[in-house]
Amino acid sequence: MRSGHRLGRLRGRRLGRPFGWLWAAYGTSALGTWLAFGAFPLIAVQVLRCGPAEVAALSSVGAAVGAAVAVPLGPWVEFRRKRQVLIAMDLVRCVALLTIPAAFTLGALTFVQLVLVSVVVAAADITFRAASGAYLKALLPAEDLLVANARFESTSWTTTIVGPPLGGVAIGLLGPLATVVADAVSYLLSALGLRAMGGAMGGAVGGATDGQEPRPERRRTARLRPRDLLDGWRYILADVTLRSLFFNTALFNGLVMATQPLLAVLMLGRLGFSPWQYGLAFAAPSIGGLLGSRLARPLVTRFGQHQVLVATGALRALWPVGLAFLGPGTGGLLLVMGVEFGLIFCCGVFNPVCTTFRLERTATDRVTRTLTAWAVSTKAATALLTALWGALGSLLGPRTAIGLAGVFLLTTPLLLPRRPAARVPEPEPAPNRA
(Lines give C-alpha, C1' and ligand atoms only; values in the text may rest on other atoms or scores of the structure.)
Protein backbone atom coordinates (compact mmCIF):
# COMPACT_ATOMS: atom_id res chain seq x y z
CA MET A 1 0.00 0.00 0.00
CA ARG A 2 2.83 2.38 0.87
CA SER A 3 4.54 1.48 -2.40
CA GLY A 4 1.44 2.31 -4.42
CA HIS A 5 0.97 5.57 -2.55
CA ARG A 6 4.57 6.55 -3.27
CA LEU A 7 4.19 5.66 -6.94
CA GLY A 8 1.12 7.85 -7.18
CA ARG A 9 3.03 10.76 -5.71
CA LEU A 10 5.88 10.24 -8.18
CA ARG A 11 3.53 10.23 -11.14
CA GLY A 12 1.87 13.42 -10.00
CA ARG A 13 5.11 15.16 -9.00
CA ARG A 14 5.01 18.92 -9.47
CA LEU A 15 8.18 20.42 -10.89
CA GLY A 16 7.31 24.07 -10.46
CA ARG A 17 6.13 26.95 -12.62
CA PRO A 18 9.47 27.58 -14.42
CA PHE A 19 9.55 23.99 -15.64
CA GLY A 20 5.91 24.34 -16.69
CA TRP A 21 6.88 27.20 -19.01
CA LEU A 22 9.83 25.22 -20.37
CA TRP A 23 7.62 22.18 -20.97
CA ALA A 24 4.96 24.29 -22.71
CA ALA A 25 7.61 25.91 -24.91
CA TYR A 26 8.97 22.49 -25.87
CA GLY A 27 5.52 21.11 -26.68
CA THR A 28 4.59 24.13 -28.79
CA SER A 29 7.73 24.00 -30.93
CA ALA A 30 7.53 20.19 -31.25
CA LEU A 31 3.96 20.42 -32.52
CA GLY A 32 4.98 23.07 -35.05
CA THR A 33 7.85 20.88 -36.27
CA TRP A 34 5.57 17.89 -36.85
CA LEU A 35 2.90 20.06 -38.49
CA ALA A 36 5.53 21.05 -41.05
CA PHE A 37 6.91 17.50 -41.42
CA GLY A 38 7.78 16.96 -45.08
CA ALA A 39 7.01 20.57 -46.04
CA PHE A 40 10.48 21.32 -47.48
CA PRO A 41 10.48 18.41 -49.97
CA LEU A 42 6.92 19.30 -50.99
CA ILE A 43 7.91 22.92 -51.59
CA ALA A 44 10.91 21.76 -53.61
CA VAL A 45 8.75 19.47 -55.76
CA GLN A 46 5.49 21.42 -56.07
CA VAL A 47 6.75 25.01 -56.08
CA LEU A 48 10.31 24.82 -57.44
CA ARG A 49 9.81 21.72 -59.64
CA CYS A 50 12.95 20.05 -58.30
CA GLY A 51 13.93 16.49 -59.18
CA PRO A 52 14.73 13.52 -56.91
CA ALA A 53 18.46 14.34 -56.69
CA GLU A 54 17.77 17.88 -55.49
CA VAL A 55 15.18 16.71 -52.97
CA ALA A 56 17.63 14.15 -51.56
CA ALA A 57 20.35 16.81 -51.38
CA LEU A 58 17.99 19.15 -49.54
CA SER A 59 17.65 16.69 -46.67
CA SER A 60 21.19 15.33 -46.53
CA VAL A 61 23.17 18.52 -47.14
CA GLY A 62 21.01 20.59 -44.81
CA ALA A 63 21.44 18.16 -41.91
CA ALA A 64 25.16 17.55 -42.52
CA VAL A 65 26.18 21.18 -42.93
CA GLY A 66 23.91 22.22 -40.06
CA ALA A 67 25.65 19.71 -37.80
CA ALA A 68 29.05 21.07 -38.86
CA VAL A 69 27.94 24.64 -38.17
CA ALA A 70 26.75 23.62 -34.69
CA VAL A 71 30.19 22.26 -33.68
CA PRO A 72 31.77 25.62 -32.70
CA LEU A 73 28.54 26.75 -31.06
CA GLY A 74 28.84 24.13 -28.29
CA PRO A 75 31.91 25.63 -26.58
CA TRP A 76 30.53 29.14 -27.12
CA VAL A 77 27.15 28.33 -25.54
CA GLU A 78 28.78 26.58 -22.57
CA PHE A 79 29.78 29.96 -21.12
CA ARG A 80 26.53 31.80 -21.81
CA ARG A 81 23.29 31.87 -19.84
CA LYS A 82 21.28 29.06 -21.36
CA ARG A 83 17.82 30.62 -21.26
CA GLN A 84 19.05 33.51 -23.39
CA VAL A 85 20.54 31.03 -25.86
CA LEU A 86 17.25 29.09 -26.01
CA ILE A 87 15.29 32.24 -26.79
CA ALA A 88 17.85 33.28 -29.41
CA MET A 89 17.73 29.87 -31.15
CA ASP A 90 13.91 29.97 -31.23
CA LEU A 91 13.97 33.42 -32.80
CA VAL A 92 16.66 32.40 -35.32
CA ARG A 93 14.54 29.45 -36.45
CA CYS A 94 11.42 31.61 -36.61
CA VAL A 95 13.05 34.30 -38.77
CA ALA A 96 14.80 31.76 -41.02
CA LEU A 97 11.54 29.91 -41.74
CA LEU A 98 9.58 33.11 -42.38
CA THR A 99 12.00 34.04 -45.18
CA ILE A 100 10.52 31.19 -47.24
CA PRO A 101 6.89 32.46 -47.52
CA ALA A 102 8.27 36.01 -47.80
CA ALA A 103 10.46 35.05 -50.76
CA PHE A 104 7.61 33.09 -52.34
CA THR A 105 5.31 36.11 -52.08
CA LEU A 106 7.96 38.23 -53.82
CA GLY A 107 8.54 35.57 -56.48
CA ALA A 108 12.16 35.13 -55.37
CA LEU A 109 12.15 31.71 -53.70
CA THR A 110 15.02 29.45 -54.84
CA PHE A 111 16.36 26.00 -54.08
CA VAL A 112 19.54 27.51 -52.63
CA GLN A 113 17.44 29.44 -50.11
CA LEU A 114 15.69 26.23 -49.03
CA VAL A 115 19.06 24.59 -48.44
CA LEU A 116 20.39 27.57 -46.49
CA VAL A 117 17.29 27.71 -44.31
CA SER A 118 17.53 23.97 -43.62
CA VAL A 119 21.19 24.45 -42.58
CA VAL A 120 20.31 27.30 -40.20
CA VAL A 121 17.39 25.38 -38.69
CA ALA A 122 19.46 22.20 -38.26
CA ALA A 123 22.29 24.08 -36.51
CA ALA A 124 19.84 25.95 -34.28
CA ASP A 125 18.05 22.67 -33.43
CA ILE A 126 21.28 21.04 -32.21
CA THR A 127 22.30 24.14 -30.25
CA PHE A 128 18.85 24.43 -28.68
CA ARG A 129 18.82 20.80 -27.57
CA ALA A 130 22.28 21.04 -26.05
CA ALA A 131 21.51 24.28 -24.22
CA SER A 132 18.14 22.97 -23.00
CA GLY A 133 19.83 19.92 -21.46
CA ALA A 134 22.26 22.14 -19.55
CA TYR A 135 19.44 24.47 -18.51
CA LEU A 136 17.26 21.60 -17.30
CA LYS A 137 20.10 20.29 -15.14
CA ALA A 138 20.43 23.73 -13.52
CA LEU A 139 16.65 24.19 -13.23
CA LEU A 140 15.79 20.97 -11.36
CA PRO A 141 17.39 18.83 -8.66
CA ALA A 142 18.83 15.50 -9.80
CA GLU A 143 15.93 13.44 -8.43
CA ASP A 144 13.46 15.28 -10.70
CA LEU A 145 15.39 14.94 -13.98
CA LEU A 146 13.84 11.61 -14.97
CA VAL A 147 10.31 12.92 -14.35
CA ALA A 148 11.06 15.94 -16.54
CA ASN A 149 12.68 13.93 -19.35
CA ALA A 150 9.79 11.44 -19.31
CA ARG A 151 7.35 14.32 -19.78
CA PHE A 152 9.39 15.66 -22.68
CA GLU A 153 9.45 12.19 -24.22
CA SER A 154 5.69 11.71 -23.87
CA THR A 155 5.11 15.15 -25.38
CA SER A 156 7.40 14.26 -28.28
CA TRP A 157 5.45 11.10 -29.08
CA THR A 158 2.10 12.87 -28.65
CA THR A 159 3.06 15.55 -31.18
CA THR A 160 4.38 12.79 -33.47
CA ILE A 161 0.94 11.19 -33.44
CA VAL A 162 -1.07 14.40 -33.79
CA GLY A 163 1.17 16.67 -35.88
CA PRO A 164 1.58 14.90 -39.27
CA PRO A 165 -2.16 14.21 -39.82
CA LEU A 166 -3.04 17.82 -38.97
CA GLY A 167 -0.17 19.03 -41.13
CA GLY A 168 -1.38 16.85 -43.99
CA VAL A 169 -4.85 18.40 -43.78
CA ALA A 170 -3.34 21.89 -43.68
CA ILE A 171 -1.13 21.14 -46.69
CA GLY A 172 -4.10 19.77 -48.59
CA LEU A 173 -6.20 22.86 -47.89
CA LEU A 174 -3.60 25.66 -47.85
CA GLY A 175 -0.40 24.23 -49.31
CA PRO A 176 2.99 23.43 -47.70
CA LEU A 177 3.90 27.09 -47.13
CA ALA A 178 1.11 27.34 -44.55
CA THR A 179 2.73 24.67 -42.36
CA VAL A 180 6.10 26.45 -42.62
CA VAL A 181 4.42 29.58 -41.26
CA ALA A 182 2.82 27.51 -38.49
CA ASP A 183 6.24 26.08 -37.59
CA ALA A 184 7.75 29.57 -37.47
CA VAL A 185 4.95 30.81 -35.24
CA SER A 186 5.49 27.84 -32.91
CA TYR A 187 9.11 28.92 -32.38
CA LEU A 188 7.97 32.46 -31.66
CA LEU A 189 5.48 31.18 -29.07
CA SER A 190 8.21 28.99 -27.58
CA ALA A 191 10.49 32.04 -27.24
CA LEU A 192 7.70 33.99 -25.55
CA GLY A 193 7.12 31.11 -23.13
CA LEU A 194 10.81 31.00 -22.24
CA ARG A 195 10.79 34.77 -21.84
CA ALA A 196 7.84 34.48 -19.46
CA MET A 197 9.97 32.38 -17.11
CA GLY A 198 11.74 35.59 -16.13
CA GLY A 199 15.00 33.76 -15.41
CA ALA A 200 13.55 32.02 -12.34
CA MET A 201 15.37 28.84 -11.37
CA GLY A 202 12.81 27.49 -8.94
CA GLY A 203 14.96 28.01 -5.86
CA ALA A 204 18.62 28.07 -4.99
CA VAL A 205 19.81 25.82 -7.77
CA GLY A 206 23.32 25.82 -9.19
CA GLY A 207 24.49 28.33 -6.61
CA ALA A 208 21.94 31.01 -7.49
CA THR A 209 20.61 32.99 -4.56
CA ASP A 210 18.69 35.67 -6.39
CA GLY A 211 16.30 33.41 -8.30
CA GLN A 212 18.16 34.04 -11.55
CA GLU A 213 20.11 31.63 -13.71
CA PRO A 214 23.72 31.75 -12.49
CA ARG A 215 26.25 33.13 -14.95
CA PRO A 216 28.70 30.39 -16.03
CA GLU A 217 32.35 30.87 -15.09
CA ARG A 218 34.12 32.93 -17.70
CA ARG A 219 36.76 31.35 -19.90
CA ARG A 220 40.39 31.92 -19.07
CA THR A 221 41.01 32.90 -22.68
CA ALA A 222 38.78 35.27 -24.56
CA ARG A 223 39.07 33.51 -27.92
CA LEU A 224 37.76 30.15 -28.98
CA ARG A 225 40.72 27.91 -29.75
CA PRO A 226 40.56 25.14 -32.39
CA ARG A 227 41.19 22.47 -29.73
CA ASP A 228 38.11 23.70 -27.83
CA LEU A 229 35.90 22.33 -30.62
CA LEU A 230 36.79 18.79 -29.55
CA ASP A 231 36.12 19.25 -25.82
CA GLY A 232 32.79 17.45 -25.96
CA TRP A 233 34.20 14.39 -27.70
CA ARG A 234 37.22 14.30 -25.37
CA TYR A 235 34.93 14.31 -22.35
CA ILE A 236 32.76 11.50 -23.75
CA LEU A 237 35.66 9.28 -24.78
CA ALA A 238 37.46 9.75 -21.47
CA ASP A 239 34.50 8.31 -19.53
CA VAL A 240 34.12 4.57 -20.12
CA THR A 241 30.38 4.60 -19.31
CA LEU A 242 29.51 7.59 -21.49
CA ARG A 243 31.74 6.22 -24.25
CA SER A 244 29.92 2.89 -24.43
CA LEU A 245 26.49 4.56 -24.36
CA PHE A 246 27.62 7.07 -26.99
CA PHE A 247 28.65 4.39 -29.50
CA ASN A 248 25.54 2.34 -28.73
CA THR A 249 23.23 5.29 -29.38
CA ALA A 250 24.99 6.45 -32.56
CA LEU A 251 25.04 2.95 -34.07
CA PHE A 252 21.49 2.05 -33.04
CA ASN A 253 19.91 5.31 -34.25
CA GLY A 254 21.91 5.27 -37.48
CA LEU A 255 20.94 1.70 -38.39
CA VAL A 256 17.25 2.21 -37.55
CA MET A 257 17.04 5.40 -39.62
CA ALA A 258 19.05 3.86 -42.48
CA THR A 259 16.28 1.33 -43.12
CA GLN A 260 13.49 3.90 -43.44
CA PRO A 261 14.06 4.75 -47.14
CA LEU A 262 14.40 1.03 -47.93
CA LEU A 263 11.13 0.28 -46.16
CA ALA A 264 9.42 3.00 -48.19
CA VAL A 265 10.73 1.46 -51.43
CA LEU A 266 9.72 -2.04 -50.36
CA MET A 267 6.26 -1.18 -49.04
CA LEU A 268 5.19 1.42 -51.60
CA GLY A 269 6.84 -0.31 -54.54
CA ARG A 270 7.20 -4.07 -54.59
CA LEU A 271 4.58 -4.91 -51.95
CA GLY A 272 1.96 -2.48 -53.26
CA PHE A 273 0.92 -0.74 -50.04
CA SER A 274 -0.98 2.52 -50.50
CA PRO A 275 0.41 5.78 -49.05
CA TRP A 276 -2.24 5.86 -46.30
CA GLN A 277 -1.33 2.32 -45.25
CA TYR A 278 2.35 3.27 -45.16
CA GLY A 279 1.58 6.31 -43.02
CA LEU A 280 -0.65 4.28 -40.68
CA ALA A 281 2.05 1.63 -40.26
CA PHE A 282 4.37 4.17 -38.64
CA ALA A 283 1.93 6.64 -37.06
CA ALA A 284 -0.22 4.24 -35.01
CA PRO A 285 2.73 2.51 -33.24
CA SER A 286 3.84 5.89 -31.89
CA ILE A 287 1.31 5.26 -29.12
CA GLY A 288 3.88 2.80 -27.81
CA GLY A 289 6.32 5.66 -27.25
CA LEU A 290 3.72 7.54 -25.22
CA LEU A 291 3.05 4.48 -23.06
CA GLY A 292 6.74 3.70 -22.62
CA SER A 293 7.64 7.23 -21.54
CA ARG A 294 4.96 7.14 -18.84
CA LEU A 295 6.38 3.88 -17.48
CA ALA A 296 10.00 5.06 -17.38
CA ARG A 297 9.93 6.56 -13.88
CA PRO A 298 7.92 3.73 -12.22
CA LEU A 299 10.25 1.12 -13.75
CA VAL A 300 13.37 2.95 -12.54
CA THR A 301 11.83 3.32 -9.09
CA ARG A 302 11.17 -0.42 -8.94
CA PHE A 303 14.22 -1.92 -10.67
CA GLY A 304 16.89 0.79 -10.69
CA GLN A 305 18.27 3.06 -13.41
CA HIS A 306 21.05 0.79 -14.68
CA GLN A 307 18.83 -2.29 -14.96
CA VAL A 308 16.14 -0.42 -16.92
CA LEU A 309 18.73 1.24 -19.17
CA VAL A 310 20.39 -2.06 -20.10
CA ALA A 311 17.17 -4.09 -20.36
CA THR A 312 15.27 -1.67 -22.61
CA GLY A 313 18.44 -0.89 -24.58
CA ALA A 314 18.77 -4.60 -25.35
CA LEU A 315 15.06 -5.20 -25.99
CA ARG A 316 14.76 -2.38 -28.50
CA ALA A 317 17.45 -4.06 -30.64
CA LEU A 318 15.44 -7.29 -31.02
CA TRP A 319 12.54 -5.88 -33.05
CA PRO A 320 13.87 -4.47 -36.38
CA VAL A 321 15.11 -7.80 -37.77
CA GLY A 322 11.44 -8.83 -38.04
CA LEU A 323 10.97 -6.32 -40.86
CA ALA A 324 12.99 -8.60 -43.16
CA PHE A 325 9.98 -10.96 -43.20
CA LEU A 326 7.56 -8.26 -44.36
CA GLY A 327 4.98 -9.47 -46.86
CA PRO A 328 2.01 -7.96 -48.73
CA GLY A 329 -1.55 -7.45 -47.55
CA THR A 330 -3.07 -7.12 -44.11
CA GLY A 331 -0.62 -9.56 -42.56
CA GLY A 332 2.34 -7.49 -43.72
CA LEU A 333 0.75 -4.29 -42.45
CA LEU A 334 0.12 -5.85 -39.03
CA LEU A 335 3.70 -7.14 -38.94
CA VAL A 336 5.13 -3.66 -39.51
CA MET A 337 2.81 -2.14 -36.92
CA GLY A 338 3.68 -4.82 -34.36
CA VAL A 339 7.44 -4.48 -34.89
CA GLU A 340 7.29 -0.69 -34.79
CA PHE A 341 5.10 -0.71 -31.69
CA GLY A 342 7.55 -2.93 -29.82
CA LEU A 343 10.54 -0.90 -30.99
CA ILE A 344 8.97 2.45 -30.15
CA PHE A 345 7.67 1.25 -26.77
CA CYS A 346 11.18 0.18 -25.74
CA CYS A 347 12.62 3.45 -27.05
CA GLY A 348 9.95 5.36 -25.11
CA VAL A 349 11.28 3.86 -21.89
CA PHE A 350 14.97 3.93 -22.86
CA ASN A 351 15.21 7.51 -24.15
CA PRO A 352 14.29 9.48 -20.99
CA VAL A 353 16.33 7.10 -18.81
CA CYS A 354 19.33 7.49 -21.12
CA THR A 355 18.94 11.27 -21.27
CA THR A 356 18.73 11.50 -17.49
CA PHE A 357 21.72 9.21 -17.00
CA ARG A 358 23.75 11.29 -19.46
CA LEU A 359 22.90 14.53 -17.64
CA GLU A 360 23.73 13.04 -14.26
CA ARG A 361 26.99 11.60 -15.58
CA THR A 362 28.17 14.86 -17.18
CA ALA A 363 29.71 17.64 -15.09
CA THR A 364 27.65 20.84 -15.13
CA ASP A 365 30.38 22.88 -16.80
CA ARG A 366 30.62 20.35 -19.68
CA VAL A 367 26.96 19.62 -20.46
CA THR A 368 26.49 21.85 -23.51
CA ARG A 369 29.72 20.76 -25.20
CA THR A 370 29.00 17.11 -24.48
CA LEU A 371 25.41 17.22 -25.76
CA THR A 372 26.49 19.12 -28.88
CA ALA A 373 29.16 16.53 -29.66
CA TRP A 374 26.61 13.77 -29.03
CA ALA A 375 24.00 15.27 -31.36
CA VAL A 376 26.48 16.07 -34.13
CA SER A 377 27.93 12.55 -34.03
CA THR A 378 24.50 10.93 -34.07
CA LYS A 379 23.42 12.97 -37.10
CA ALA A 380 26.69 12.22 -38.91
CA ALA A 381 26.38 8.48 -38.19
CA THR A 382 22.79 8.49 -39.44
CA ALA A 383 23.76 10.28 -42.67
CA LEU A 384 26.70 7.91 -43.29
CA LEU A 385 24.76 4.71 -42.59
CA THR A 386 21.76 5.89 -44.62
CA ALA A 387 24.02 6.42 -47.64
CA LEU A 388 25.76 3.06 -47.09
CA TRP A 389 22.49 1.15 -46.71
CA GLY A 390 21.09 2.89 -49.77
CA ALA A 391 24.00 1.43 -51.74
CA LEU A 392 23.49 -1.99 -50.14
CA GLY A 393 19.81 -1.82 -51.01
CA SER A 394 20.69 -1.22 -54.65
CA LEU A 395 23.15 -4.14 -54.71
CA LEU A 396 21.35 -6.71 -52.55
CA GLY A 397 17.73 -5.55 -52.68
CA PRO A 398 15.84 -3.64 -49.97
CA ARG A 399 14.65 -6.74 -48.07
CA THR A 400 18.15 -8.19 -47.71
CA ALA A 401 19.59 -4.82 -46.68
CA ILE A 402 16.84 -4.37 -44.06
CA GLY A 403 17.56 -7.84 -42.67
CA LEU A 404 21.30 -7.09 -42.58
CA ALA A 405 20.65 -3.91 -40.58
CA GLY A 406 18.50 -5.95 -38.17
CA VAL A 407 21.35 -8.43 -37.65
CA PHE A 408 23.83 -5.63 -36.91
CA LEU A 409 21.32 -4.10 -34.48
CA LEU A 410 21.35 -7.34 -32.50
CA THR A 411 25.00 -6.61 -31.63
CA THR A 412 24.37 -3.10 -30.24
CA PRO A 413 23.49 -4.28 -26.69
CA LEU A 414 27.15 -5.31 -26.37
CA LEU A 415 28.00 -1.61 -26.26
CA LEU A 416 25.71 -0.83 -23.32
CA PRO A 417 27.31 -0.08 -19.90
CA ARG A 418 27.84 -3.41 -18.10
CA ARG A 419 27.80 -2.14 -14.53
CA PRO A 420 26.35 0.85 -12.67
CA ALA A 421 28.65 3.86 -12.79
CA ALA A 422 29.68 5.98 -9.84
CA ARG A 423 28.31 9.52 -9.85
CA VAL A 424 30.68 12.15 -11.21
CA PRO A 425 31.59 14.71 -8.52
CA GLU A 426 30.60 18.24 -9.45
CA PRO A 427 33.31 20.93 -9.49
CA GLU A 428 33.20 23.57 -6.82
CA PRO A 429 31.32 26.69 -7.98
CA ALA A 430 33.54 29.58 -8.96
CA PRO A 431 33.64 32.50 -6.52
CA ASN A 432 31.42 35.42 -7.40
CA ARG A 433 33.73 38.18 -8.64
CA ALA A 434 30.92 40.62 -9.27
Failed condition for Val120, given (1) touching a Gly at 6+ places or on another chain (Cβ under 8 Å); (2) crowded, with 22+ Cβ neighbours inside 10 Å: (2)
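Could you check region 63-110 and list, in sequence order, the residues that are of a type in the set (Val, Ile, Thr) and either part of a helix (DSSP H, G or I) or in contact with a strand residue (DSSP E or B) (Cβ under 6 Å, 6 or more places away or on another chain) (or both)? Spell out the reasoning first.
The initial filter retains those residues of region 63-110 that are of a type in the set (Val, Ile, Thr), namely 65, 69, 71, 77, 85, 87, 92, 95, 99-100, 105, 110.
Hits for region 63-110 are Val65, Val69, Val77, Val85, Ile87, Val92, Val95, Thr99, Ile100, Thr105.
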Scope region 398-425; condition more than 30 Å from Ala238 (Cβ to Cβ) and touching a Leu at 6+ places or on another chain (Cβ under 9 Å); matching residues: Pro398, Arg399, Thr400, Ala401, Ile402, Gly403, Leu404, Ala405, Gly406
Residue within region 253-275 that is of a type in the set (S, T, N, Q), over 20 Å from Phe357 (Cα atoms), touching a residue at least 24 places away in the same chain (Cβ under 8 Å) and buried (at least 17 other Cβ atoms within 10 Å of the Cβ) present: yes
Pair list, Cβ < 8 Å and 6+ apart or interchain, from region 111-122 residues that are within 14 Å of Glu54 (Cβ to Cβ) to residues that are open to solvent by less than 20 Å² (accessible area, probe 1.4 Å) and at pLDDT 90 or above: Gln113/Ile100; Gln113/Ala103; Leu114/Ile100
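Regarding region 45-61, can at least one residue be identified that is open to solvent by 40 Å² or more (accessible area, probe 1.4 Å), of a type in the set (Val, Ile, Thr) and either without any contact (Cβ under 8 Å) to a residue 12 or more places away in the chain or under 26 Å from Gly193 (Cα atoms) (or both)?
Of the residues in region 45-61, the ones open to solvent by 40 Å² or more (accessible area, probe 1.4 Å) are 45-49, 52-54, 56, 59-61.
From the residues that got through so far, the ones that are of a type in the set (Val, Ile, Thr) too are 45, 47, 61.
Add one more test, that the residue is either without any contact (Cβ under 8 Å) to a residue 12 or more places away in the chain or under 26 Å from Gly193 (Cα atoms) (or both), and what stays is 45.
Yes, the conditions are met somewhere in region 45-61.
Within region 297-406, considering only helices (runs of 4 or more DSSP H) that don't extend past its boundaries, which have at least 3 residues that are at pLDDT 95 or above?
On the way: elements: 305-315, 329-361, 367-396.
Filter on region 297-406 gives 305-315, 329-361.
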Boolean, Leu262 is within 16 Å of Ala317 (Cα to Cα), part of a helix (DSSP H, G or I) and not charged (D, E, K, R): no
Pair list, Cβ < 8 Å and 6+ apart or interchain, from region 282-311 residues that are over 16 Å from Glu153 (Cβ atoms) to residues that are open to solvent by 10 Å² or more (accessible area, probe 1.4 Å) and among the acidic types (Asp, Glu): Phe282/Glu340
Region 322-342 residues that are on the phi > 0 side of the Ramachandran plot, paired with ones that are of a type outside the set (Phe, Trp, Tyr) and open to solvent by 50 Å² or more (accessible area, probe 1.4 Å) (beta carbon under 9 Å, 6 or more apart): Gly329/Gly272
Qualifying residue in region 279-288 (condition: more than 25 Å from Ala375 (Cβ to Cβ), open to solvent by 30 Å² or more (accessible area, probe 1.4 Å) and aromatic (Phe, Trp, Tyr)): no
Selected residue [touching a Ser or Thr at 6+ places or on another chain (Cβ under 9 Å) and either open to solvent by 40 Å² or more (accessible area, probe 1.4 Å) or among the polar types (S, T, N, Q) (or both)] from Thr378, Thr356, Thr400, Thr382: Thr378
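Could you pull out the residue among Arg227, Arg215, Arg223 that is more than 24 Å from Arg93 (Cα to Cα) and either at pLDDT 85 or above or assigned to a helix (DSSP H, G or I) (or both)?
Details: Arg215 fails: either at pLDDT 85 or above or assigned to a helix (DSSP H, G or I) (or both); Arg223 fails: either at pLDDT 85 or above or assigned to a helix (DSSP H, G or I) (or both).
When all the criteria are applied, what remains is Arg227.
The values are calculated or read from the model by the stated rules, or taken from the named source; none is laboratory data. Computed from a predicted model, the values in this text were never measured in an experiment. Glycine gets a Cβ as well: all are built from the backbone with ideal geometry, and neighbour counts include every protein chain shown. Accessible surface areas use protein heavy atoms only, side chains included; no ligands, DNA or RNA. Shrake-Rupley method; radii C 1.70, N 1.55, O 1.52, S 1.80 Å.
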